[in-house]
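Taking it in order: structure first as structure tokens, then the write-up.
The values are calculated or read from the model by the stated rules, or taken from the named source; none is laboratory data. Just so it is clear, the structure is predicted and the values come from calculations on it, not from any experiment. Every residue, glycine as well, gets a Cβ built from its backbone with ideal geometry; the counts of neighbours run over all protein chains shown.
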Amino acid sequence: QVQRSSVAVGRVDSSHTLRPGLVVAEVRVMPVPKAGRKFAGNESGDDAALGALKAFAHDGNVDGSQELLSHMLSTGRPVSVDMWNVVIHACASSKQPDLAEQQVWKMVASGVQPTLVTYNSVINACASCGDAAGAERWLQRMSDSGVQPNEVTYGTICKVLSRMGMVSRVRDIMAKLEADGGTLNEYFYASLISACGATQPPDVASALSAVDDLASRGLRVHSVRRALDRAIGSRRTAEIFRKLTHPAAPLDPDWQAAALAPPRSGGAWQSAAPHRSLAAA
């Protein structure tokens, strides 16, 4: 059922009365989220509108947030960057990257410049739909606009690239993060190792090299155990962690057999000699 929600388009004074010349806009939405009903008339128009947009987004009502935003634009109300970002985030959360992109272009057309939050939301929308090319395209637009990506930006892109087994591209993104002054953490190595496991056949040598690099940086190797298990198999993973825990212990005599054993999915492992650091006696 169509309902109506009143949102102040002007500001109220200290007595909670609208000042002369300002009106209350009745916005047609379907439906009005329950969370949106808590916004009282004693808030400023901007605060009330932002609150209503957040309520729509929280309830997953993308249509409601867009309709309110369109009403504000059509009536000449200023729309802040925070308001735009709420609507774009709502589109991203509902896995509608095309709609999120449309809102960014409308945002720019209205004279408001995208921020780090804006770009991260669109990149996340692309990543959630497995659109690695779209995520990287928006990363490039982000850089071209002079907005500095952060760890969240790069981490999101690494995650979608890892699902596609794009080992070299994950490495490139990790290198770019460091070149920009960022610090790699366990999350990035988990993505790299996952990418190694997603190739056909799995890139065992690169996965072991990633673990070696991770350990050399003093990061927590155990945090990537699940990704490593999927990439090279539980038996070999167990041997790696045994060596990390007891460096002086002799290697499992079945190490080579474990390396060449087929994974649980039935494919064939990539043949690779024991990694020199992890397999050192």
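Pick from region 122-148 the residues that are polar (S, T, N, Q) and in a helix (DSSP H, G or I): which of them is farthest from Gln102 (Cα to Cα)? So that I can check it myself, show each step before the final result.
From region 122-148, those polar (S, T, N, Q) are 124, 128, 140, 143, 145, 148; that's our starting set.
Imposing the further condition that a residue be in a helix (DSSP H, G or I) reduces the set to 124, 128, 140, 143.
Values: Asn124: 15, Ser128: 17, Gln140: 17, Ser143: 19 Å.
The qualifying residue farthest from Gln102 (Cα to Cα) is Ser143.
Is it the case, given these coordinates, that Val86 is β-branched (Val, Ile, Thr), under 21 Å from Asp131 (Cβ atoms) and either buried (at least 23 other Cβ atoms within 10 Å of the Cβ) or in contact with a Ser or Thr (Cβ under 9 Å, 6 or more places away or on another chain) (or both)?
Working: β-branched (Val, Ile, Thr): yes; under 21 Å from Asp131 (Cβ atoms): no; either buried (at least 23 other Cβ atoms within 10 Å of the Cβ) or in contact with a Ser or Thr (Cβ under 9 Å, 6 or more places away or on another chain) (or both): yes.
Taking the combined requirement at face value, the residue does not satisfy it.
Residues to consider are Leu99, Leu50, Leu73; find the one that is surrounded by fewer than 17 Cβ atoms within 10 Å (Cβ to Cβ) and touching a residue at least 24 places away in the same chain (Cβ under 8 Å). Working first, answer last.
Details: Leu99 fails: surrounded by fewer than 17 Cβ atoms within 10 Å (Cβ to Cβ); Leu50 fails: surrounded by fewer than 17 Cβ atoms within 10 Å (Cβ to Cβ).
Exactly one residue qualifies, and that residue is Leu73.
Could you list, in sequence order, all residues of region 51-79 that are over 21 Å from Ala125 (Cβ atoms) and either within 23 Å of the chain's Cα centre (by Cα) or not small (Gly, Ala, Ser) (or both)?
Within region 51-79, His71, Met72, Leu73, Thr75, Arg77, Pro78 meet the criteria.
Name, by its number, the condition in (1) over 29 Å from Arg230 (Cβ atoms); (2) at pLDDT 95 or above that does not hold for Gly155.
Unmet condition: (1).
Kindly provide the set of residues from region 204-242 that are closer than 15 Å to Leu184 by Cα and small (Gly, Ala, Ser), ordered by number.
From region 204-242, those closer than 15 Å to Leu184 by Cα are 210-221, 223-224; that's our starting set.
If the condition is that a residue be closer than 15 Å to Leu184 by Cα and small (Gly, Ala, Ser), then Ala210, Ala215, Ser216, Gly218, Ser223 are the ones that fit.
Look through Gly165, Gly130, Gly155 and report the one residue that is in contact (Cβ under 8 Å) with a residue 24 or more places away in the chain and at negative phi.
Details: Gly165 fails: at negative phi; Gly130 fails: at negative phi.
Every option except Gly155 fails the conditions.
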